[in-house]
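Chemist: Sharing a structure, written as structure tokens. Questions coming.
Bear in mind these aren't lab numbers, they're just calculated from the coordinates by the rules spelled out. Since we're looking at a predicted model, the values are computed, not measured. Glycine gets a Cβ as well: all are built from the backbone with ideal geometry, and neighbour counts include every protein chain shown.
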Amino acid sequence: MSSSLPEENEVLEYFSSLSNWGRWGVDDEVGTLNLVTDAKRAQAARLVRLGRVVSCAWDIETGHRPDDVGAPPQRYMLGTGQGLGDPARVPPPGAVPGDRQAGATEFLGMAYHGYRITHLDALSHISWDARMYNDRPAELVTVAHGATVLDVRRARTGIVTRGILLDAAGHRGIPWLEPDEFVTPAEVGAMLASRDLRAEAGDALLLRTGYGRKLLERGPDALGAGHAGWHASCLPWLHRNGIALIAADHSVDAVPSGYPHLRTPVHAIGISTIGIWLMDCCDLEPLAVACEELGTWEFQFVVAPLPFTGATGSPVNPLALF
């Protein structure tokens, strides 16, 4: 560990020193989204001048991948177009022989927390010492009802704010960061300064490590290979600047973290203590191309999670608007 980075005991102190518990009241369940005000949304809307929209989500595909944490996404077809021309076909319920209209339907299922599906983490996703954000007991996430507090519906009106792309790979002049590399507050500041930008309260910061390019050119890394991302030392900077949401093109944490007792400190401290919203596994390659073409690295950013009762997050299709 570099001497300029905090030791593990210092990072563990972040659970106390960076706490937003009670900051917005004892009943607060949205954390840093309190910083995305009406004025902030209006400011973000003024960044849209061309009407261009860029998706920051990967396609959701079925089939196994080497980075699957659990089961791969599933698609079960319940109604198809196959057999419609068969004269002996038995019509499904609600249809009659000779009916010229047919429908295709399916069941979709996925374990979206992982490394392949673009998703938003709700504040119920992570606990530390059996406590979730704002001192909620971890036991309030149950088998029968899911997250009975802090579920993803707290963001049901969407996250609409100013987004900034931090292109770490581009800043370093390399295709992508390696799994043992990470981004520090000093580099975040340097990336912002290089674009003549300043972070503001309520912003969303999207970190491009170049993993998306690596994924397209070489395929996914195997589970457990590690990945580049935000270093734990960024947490005080994020807290001090009032950042509402951070994202990355892999899981947001740099793994390995460098701390034996903190597997993913940005998740652990960011979610349970600061109450910051995290978005993992974004496809930031099209966004980087658009930013270079348009000469701007700030945009309106829109995230609309599915309001699934009791869910600890949601697959999302984040949109950047220029």
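Chemist: How would Asp283, Asp38, Asp121 line up from fewest to most surrounding beta-carbon atoms within 10 angstrom? Intermediate values should be presented prior to the final figure.
Modeler: Working: Asp283 20, Asp38 7, Asp121 25.
The fewest-first ordering by Cβ neighbours comes to Asp38, Asp283, Asp121.
Chemist: With θ set to phi - 60°, apply the Karplus curve 6.51 cos²θ - 1.76 cosθ + 1.60 along the stretch 302-307 and write out the HN-Hα couplings as whole Hz, x wherever there is a Gly or Pro.
Modeler: Rounded to whole hertz, the list is 10, 10, 10, x, 6, x.
Chemist: Sticking with this one: In which sequence would Ser19, Ser257 go, from the one with the fewest C-beta neighbours within 10 Å to the one with the most?
Modeler: Values: Ser19 18, Ser257 22.
Lowest to highest Cβ neighbour count: Ser19, Ser257.
Chemist: Rounded to the nearest 5, what % of the DSSP beta bridges within the chain are antiparallel ones? Spell out each step's value before the answer.
Modeler: Values: 29 of 44 bridges.
That works out to approximately 65 percent antiparallel.
Chemist: Further question: So what's the back-of-envelope 222 nm ellipticity for the chain, counting only DSSP H runs of four-plus at -39500 (n - 2.57) apiece and dividing by all residues, rounded to 500? If you can, show how the numbers build up before the last one.
Modeler: On the way: 8 runs with 62 residues, N = 322.
It comes out at -5000 deg cm²/dmol, rounded to the nearest 500.
Chemist: Hey, another quick one. In whole percent, what relative contact order does the chain give with Cα contacts below 8 Å and a gap of six or more residues?
Modeler: 31
Chemist: With 10 angstrom as the radius, rank Leu192, Leu238 by how many other C-beta atoms surround their C-beta, starting from the fewest. If you can, show how the numbers build up before the last one.
Modeler: Numbers: Leu192 17, Leu238 25.
Ordered by Cβ neighbours within 10 Å, fewest first: Leu192, Leu238.
Chemist: Give the long-range amide H neighbours of Tyr115: residues separated by 5 or more places, or on another chain, with amide H under 5 Å away, using H modelled in the peptide plane at 1.01 Å from N.
Modeler: So Tyr115 has HN proximity to Val69.
Chemist: Using modelled amide H (1.01 Å from N, peptide plane; none on Pro or chain starts), what sits under 5 Å from the amide H of Arg65, excluding residues fewer than 5 places away?
Modeler: none
Chemist: Using a Förster distance of 35 angstrom, determine the FRET efficiency expected from the C-beta separation of Thr142 and Arg23, and round it to 0.05. Show your work: numbers first, answer last.
Modeler: Values: r = 27 Å, r/R0 = 0.76.
So, using R0 = 35 Å, E works out to roughly 0.85.
Chemist: Could you derive backbone 3J(HN,Hα) for the stretch 44-54 from the dihedral phi with the Karplus parameters 6.51, -1.76 and 1.60 (θ = phi - 60°), listing whole Hz in sequence and x where the residue is Gly or Pro?
Modeler: Along the stretch 44-54, the couplings run 5, 4, 6, 7, 8, 10, 9, x, 7, 10, 10 Hz.
Chemist: Then there's this: Note down the magnitude of the dipole of the chain about its Cα centre, charges +1 on Lys and Arg C-beta and -1 on Asp and Glu C-beta and zero elsewhere, to the nearest 20 debye.
Modeler: Numbers: 26 positive and 38 negative charges, 193 e Å.
Value, rounded to 20: 920 debye.
Chemist: Spelling out what I want: for every residue of the stretch 125-140, take phi, set θ = phi - 60°, compute 6.51 cos²θ - 1.76 cosθ + 1.60 (Karplus), and round to whole Hz; glycine and proline get x.
Modeler: 6, 10, 10, 9, 6, 6, 10, 9, 3, 6, 6, 7, x, 4, 5, 6
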